[in-house]
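Here the structure is laid out as structure tokens; the discussion comes afterwards.
The values are calculated or read from the model by the stated rules, or taken from the named source; none is laboratory data. Here the structure is a predicted model, which means the values were calculated and not measured. Every residue, glycine as well, gets a Cβ built from its backbone with ideal geometry; the counts of neighbours run over all protein chains shown. Surface accessibility is based on the protein's heavy atoms, side chains included, excluding ligands, DNA and RNA. Shrake-Rupley method; radii C 1.70, N 1.55, O 1.52, S 1.80 Å.
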Amino acid sequence: MKDPLSSPQKKNTDIKRVAILFSGGPAPSANAVIGSAATCFARAGVEVFGMKNGYTHLVDYKIGDNLEENIDYIRLDKMNLEGLRTSQGICIGTARANPGKHLKTHSDLKDSSKTEPMMNVYNALQSMNIDALISIGGDDTLTTAAKFKLFMDELPTDKKRIKVVHLPKTIDNDYEGISFTFGYFTAVEMLAKQIRNLLADSEAANGGFVCQLMGRKAAWLAYGAAIAGEASLVIGLEDIPEHWQTTEETRDPETGMVILDDNGKPIMRTIFNIDKIVDRCVNVILAREAEGKQSFVAIISEGIAEYLPLSEIKMCVSDDEYRSLKPDSFGHFPVSQLKYSGRLGRLIAEEYKRRTGHSRKMVGLQFGYEVRCNIPTAFDVILGSQIGVGCYRALCELDKNGVMISVGGTMNLEYPTFEELINMEKLRAYSRPISVGSDIHQMARYLEAWTN
């Protein structure tokens with residue numbers, strides 16, 4: 001930089017064409033990431049292709065096919081990008097197609113039947129003369145990006161290598177290599193507003209609310225929303241101690257039959273005693289009443305649903321919904337479909353009446369989809385824009401490959417490698433739950449009514 005107001009210098013780079021794709025659930029400020037990246041590449045003379053709906057049109061590609069503009073991709077460098085960064089939604093769409101789902105071990109990378117989807121993606125990008133792939137998504141998409149690089153590392157030496165970088169999108173803020181990522185604070189802001197509305201309703205009607213929030217593995221969203229919205233109580237999966245837990249056989253809800261593993265043994269699933277959460281909630285209600293506070297709003301992360309006993313899950317949903325639930329190979333049920341907050345609210349109301357002799361209505365609510373495409377806050381626009389700029393700088397200025405673009409506390413760019421973020425033995429991204437006892441975890445305990 002010649003002086004503080006100098007424009008960036010165009011670098012000599014082998015990258016002439018890049019493809020950007022977005023995979024998984026939406027998040028606020030997605031377009032800030034895409035728009036800022038596209039702006040930088042376009043101004044540097046690099047062609048920018050936005051692949052529509054994630055990997056959808058790439059995984060089924062066959063040699064000889066022609067990917068069509070405006071159907072399979074859009075030319076981002078030809079768009080008017082003004083105003084895109086502050087807009088809602090995802091201009092290139094999203095989907096959950098996963099070309100790496102069959103790659104569980106390093107030996108799978110040598111199995112042509114298991115790598116076929118990856119080869120399709122590679123061939124599709126090759127047909128467009130793409131030099132670098134930019135993936136935006138959560139931990140599964142990060143893992144897929146790492147697998148794609150490993151796949152290319154296995155190609156014959158005469159084959160072109162497509163560089164790959166990943167941009168972190170996790171509204172749950174739940175994997176390693178980031179402090180916070182775009183969309184998280186926008187979601188927290190919207191949820192906090194809803195919590196404050198519910199507190200006013202609870203105060204007026206002398207009722208209470210139990211709110212189920214997104215966060216399968218980590219309770220960052222639940223804790224952030226609860227603290228910012230002054231919720232009465234927050235509980236995440238991280239707060240369930242081992243002595244509350246036990247196991248049970250996994251059964252198919254449709255047939256009632258025990259599900260067996262490959263060795264013919266029952267798949268055992270970890271469960272916990274929901275009465276412990278009920279007791280904690282009632283204790284806080286009584287402690288708040290002793291302080292003269294009548295309102296009560298509890299925030300519970302959806303991840304605890306995965307560990308409910310099957311008998312409780314059956315009480316949470318209709319018979320039709322229950323029979324349609326399909327556990328995965330680990331016995332885990334789809335938590336977003338387990339609307340447990342109403343059931344939990346009824347149990348809390350029953351226990352409160354048992355202890356006090358008085359009745360309080362507890363309404364169960366589930367929050368999720370309504371926050372994913374909310375208008376982004378200024379902070380998330382800035383954060384998302386820096387991530388987008390960072391992917392240009394990583395590829396064209398720093399010649400990086402196999403890295404994620406991360407942003408530190410003062411908006412400084414960081415470039416952790418896939419090897420730092422992925423358990424290379426299991427080919428899975430490291431998750432990042434809230435650390436029990438950490439300062440942000442303890443902040444919630446200090447602000448809740450003390451029950452000890």
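Looking across region 245-260 at every residue that is among the charged types (D, E, K, R) and touching a residue at least 40 places away in the same chain (Cβ under 8 Å), the one that is nearest to residue 350 (Cα to Cα) is identified as 248.
Filtering region 34-69 down to residues that are small (Gly, Ala, Ser) and assigned to a loop (DSSP other than H, G, I, E, B), which residue is nearest to residue 95 (Cα to Cα)? So that I can check it myself, show each step before the final result.
Initial filter on region 34-69 (small (Gly, Ala, Ser)): 35-38, 42, 44-45, 50, 54, 64.
Imposing the further condition that a residue be assigned to a loop (DSSP other than H, G, I, E, B) reduces the set to 44-45, 54, 64.
Numbers: 44: 29, 45: 29, 54: 5, 64: 24 Å.
So the residue we want is 54.
Assess whether residue 81 counts as being in a loop (DSSP other than H, G, I, E, B), among the hydrophobic types (A, V, I, L, M, F, W, C), under 27 Å from residue 369 (Cα atoms) and touching a Ser or Thr at 6+ places or on another chain (Cβ under 9 Å). Yes.
Residue-by-condition table, conditions (1) within 30 Å of residue 370 (Cβ to Cβ); (2) surrounded by fewer than 16 Cβ atoms within 10 Å (Cβ to Cβ); (3) touching a strand residue (DSSP E or B) at 6+ places or on another chain (Cβ under 8 Å):
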{"position": "21", "(1), (2), (3)": "yes, no, yes"}
{"position": "30", "(1), (2), (3)": "yes, no, yes"}
{"position": "46", "(1), (2), (3)": "no, no, yes"}
{"position": "57", "(1), (2), (3)": "yes, no, yes"}
{"position": "60", "(1), (2), (3)": "no, yes, no"}
{"position": "69", "(1), (2), (3)": "no, yes, yes"}
{"position": "76", "(1), (2), (3)": "yes, no, yes"}
{"position": "91", "(1), (2), (3)": "yes, no, yes"}
{"position": "100", "(1), (2), (3)": "no, no, no"}
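Matching residues to (1) among the hydrophobic types (A, V, I, L, M, F, W, C); (2) in contact (Cβ under 8 Å) with a residue 60 or more places away in the chain; (3) over 25 Å from residue 379 (Cβ atoms):
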{"site": "77", "(1), (2), (3)": "no, no, yes"}
{"site": "92", "(1), (2), (3)": "yes, yes, no"}
{"site": "121", "(1), (2), (3)": "yes, yes, yes"}
{"site": "130", "(1), (2), (3)": "yes, yes, yes"}
{"site": "133", "(1), (2), (3)": "yes, yes, yes"}
{"site": "136", "(1), (2), (3)": "yes, yes, no"}
{"site": "140", "(1), (2), (3)": "no, yes, yes"}
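Within region 78-87, can you find the residues that are polar (S, T, N, Q) and either open to solvent by less than 90 Å² (accessible area, probe 1.4 Å) or at pLDDT 95 or above (or both)? Once the filter is applied, which keeps residues that are polar (S, T, N, Q) and either open to solvent by less than 90 Å² (accessible area, probe 1.4 Å) or at pLDDT 95 or above (or both), region 78-87 yields 86, 87.
With the condition kept exactly as written, say whether any residue in region 376-393 is among the polar types (S, T, N, Q), in contact (Cβ under 8 Å) with a residue 24 or more places away in the chain and part of a loop (DSSP other than H, G, I, E, B). Yes. Scanning region 223-261 for residues that are exposed (fewer than 12 other Cβ atoms within 10 Å of the Cβ), among the acidic types (Asp, Glu) and in contact with a Ser or Thr (Cβ under 9 Å, 6 or more places away or on another chain) returns a single hit, 254. Annotation for region 431-439: at least one member residue is under 30 Å from residue 104 (Cβ atoms), touching a Gly at 6+ places or on another chain (Cβ under 8 Å) and open to solvent by less than 20 Å² (accessible area, probe 1.4 Å).
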